[in-house]
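Below you'll find the structure, written out as structure tokens, and then a few comments.
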Amino acid sequence: MIKPLQILTLLLFLGCFSLFGYAAPDASTSKQVDLNQPQAVQQALYEQLKEWYRVPNRVGGLSKSGVDCSGFTLLTFREYFGIELPRSTIRQAQVGMDIGRHELKPGDLVFFRTGFVQRHVGMYTGAGKFIHASTSRGVTESRMDNPYWTRSYWKSVRVRL
């Protein structure tokens, strides 16, 4: 029989690879920013960062009391772009078209290998930066050229309808 402590340990070990489900999108709350308009996308991402800045990272979280990386990405794409992403980081990495790091535009998803099985996702804002739900700093913006993120970089994906 699995004990609660084992479940908690497993969830912490998996990090952003969340096992939790998600709610259906509500189109009425979507701001419907066009992902093909880089300046509008960048502005939307910074609005989201301002609203969620420093919200703590919480595995499986989808609220301002705590959110994980894939949840933050899911909520942002739902609210601003009217796109429903899968709930887990691994499944988000399978959506859209893989692109090279040199092709990044605001709104592209950037993925990192942060451990043996852990994966992390953020949204590219432009100028070598991305927003994400950091495990140590909560929702924040980071630089892609930071040695940790450079070493951990896995892939980038462009999500378009």
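The values are calculated or read from the model by the stated rules, or taken from the named source; none is laboratory data. Computed from a predicted model, the values in this text were never measured in an experiment. Positions of Cβ are backbone-derived with ideal geometry, glycine not excepted, and every protein chain shown enters the neighbour counts.
Inspect all residues belonging to segment 65-77 and state whether any of them is surrounded by fewer than 22 Cβ atoms within 10 Å (Cβ to Cβ) and among the aromatic types (Phe, Trp, Tyr). Looking through segment 65-77, none of the residues is surrounded by fewer than 22 Cβ atoms within 10 Å (Cβ to Cβ) and among the aromatic types (Phe, Trp, Tyr). Among the residues of segment 90-131, those that are aromatic (Phe, Trp, Tyr) and under 10 Å from the mean Cα position of the chain (by Cα) comprise 111, 124, 130. Taken over segment 93-114, residues that are at pLDDT 95 or above and out of contact with any Phe, Trp or Tyr (no Cβ under 8 Å at 6 or more places or on another chain) amount to 9.
Given the condition acidic (Asp, Glu) and either farther than 22 Å from residue 32 by Cβ or surrounded by fewer than 22 Cβ atoms within 10 Å (Cβ to Cβ) (or both), answer yes or no: does some residue in segment 104-125 qualify? Looking for residues that are acidic (Asp, Glu) and either farther than 22 Å from residue 32 by Cβ or surrounded by fewer than 22 Cβ atoms within 10 Å (Cβ to Cβ) (or both), one finds none in segment 104-125, hence no. Inside segment 143-161, residues that are in contact (Cβ under 8 Å) with a residue 12 or more places away in the chain, closer than 18 Å to residue 126 by Cβ and not charged (D, E, K, R) make up a count of 6.
Within segment 81-111, can you find the residues that are part of a helix (DSSP H, G or I) and either of a type in the set (Val, Ile, Thr) or in contact with a His (Cβ under 7 Å, 6 or more places away or on another chain) (or both)? 89, 90, listed by residue number.
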